[in-house]
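Heads up, the thing below is written out as structure tokens.
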Amino acid sequence: MAKWALVTGATAGIGESFTRLLASKGFNIALVARDEARLHERAAGLREKYGVQTFVIPADLATIAGCSAIEQYLEEFEIEVLINNAGFGINKAFTASDLTAEQDLLDVLVRTPMRLMHVILPKMKARNSGTIINVSSVASFIAGGTYSASKSYLTVLSESLHTELAGTDVKISALCPGFTRTEFHQRGRMKMKGLPEFMWLDSDQLVSDAWSDVQSGKAVSIPGWRYKLLVGVISSTPRRFVRKIGMNLRKRQR
């Protein structure tokens, strides 16, 4: 019997790529996002192309009700793979941003993946089987506002859980991509025209690489040679310079 995977932010970008990758590997897919019409459209496409079962869960993960709906689903059904992908960015300085937007970002990027993992991990440990990929960002290694800070939480928690679960068959990894061709930057109204072409990543390719990395036991997956190099440079650069780089990048996007 085919196992199930649950993907948040499943209708576009990296999340949508994960739904197709996992369906191609025979997983049934539970899709989570806010846009119900788009969810049904994506689900139908997966059923038609891959012959898998699908389940649609419309939910706004910035809300307690939305997060609780996914927690309840994870409690009731056996999920073999969890992809914590839902997210968005705020294109304003912290001192000029809307507090509600900042709280929503924290709830989607930090609260929801933490709570979903807290619900599902005991079940995965009990059966000694399961895979979790937390879609973080290269931004987690710099200092670039609350998005960067939230992604840092996700990367560090993933590393911690990877160590805690060592010796089991439960796999967990933080996927830390750089700039990827998705709807993310358009939705956040970020200016990206000045970014060199070679810095853009392909969503399908990085998702394939991330799946290989988590299955091989890597705690952190950094797709693309340019971002591996960048993280290497960041890790050996004094933090005062890293802070300046992060804030200058944020200013350019605004």
Looking at the stretch 18-31, can you tell me whether even one residue there is surrounded by fewer than 15 Cβ atoms within 10 Å (Cβ to Cβ) and part of a helix (DSSP H, G or I)? yes
Going through the stretch 67-122 one residue at a time, which ones are within 19 Å of the chain's Cα centre (by Cα) and among the acidic types (D, E)? E71, E80, E102, D104, D107
Number of the exception - R38 against (1) touching a residue at least 24 places away in the same chain (Cβ under 8 Å); (2) out of contact with any Gly (no Cβ under 9 Å at 6 or more places or on another chain); (3) surrounded by fewer than 18 Cβ atoms within 10 Å (Cβ to Cβ); (4) assigned to a loop (DSSP other than H, G, I, E, B): (4)
So the helices (runs of 4 or more DSSP H) completely within the stretch 45-144 holding 3 or more residues that are crowded, with 19+ Cβ neighbours inside 10 Å and modelled with pLDDT of 95 or more are 64-76, 112-127
When only residues in the stretch 195-254 that are among the aliphatic types (A, V, I, L, M) and not in a helix (DSSP H, G or I) count, which is modelled with the lowest pLDDT? L195
For the stretch 160-172, indicate whether the set of residues that are under 20 Å from S216 (Cα atoms), assigned to a helix (DSSP H, G or I) and in contact (Cβ under 8 Å) with a residue 60 or more places away in the chain is non-empty. no
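The values are calculated or read from the model by the stated rules, or taken from the named source; none is laboratory data. Just so it is clear, the model here is predicted, and its values are computed rather than measured. Cβ atoms come from the backbone with ideal geometry, glycine included; neighbour counts cover every protein chain shown.
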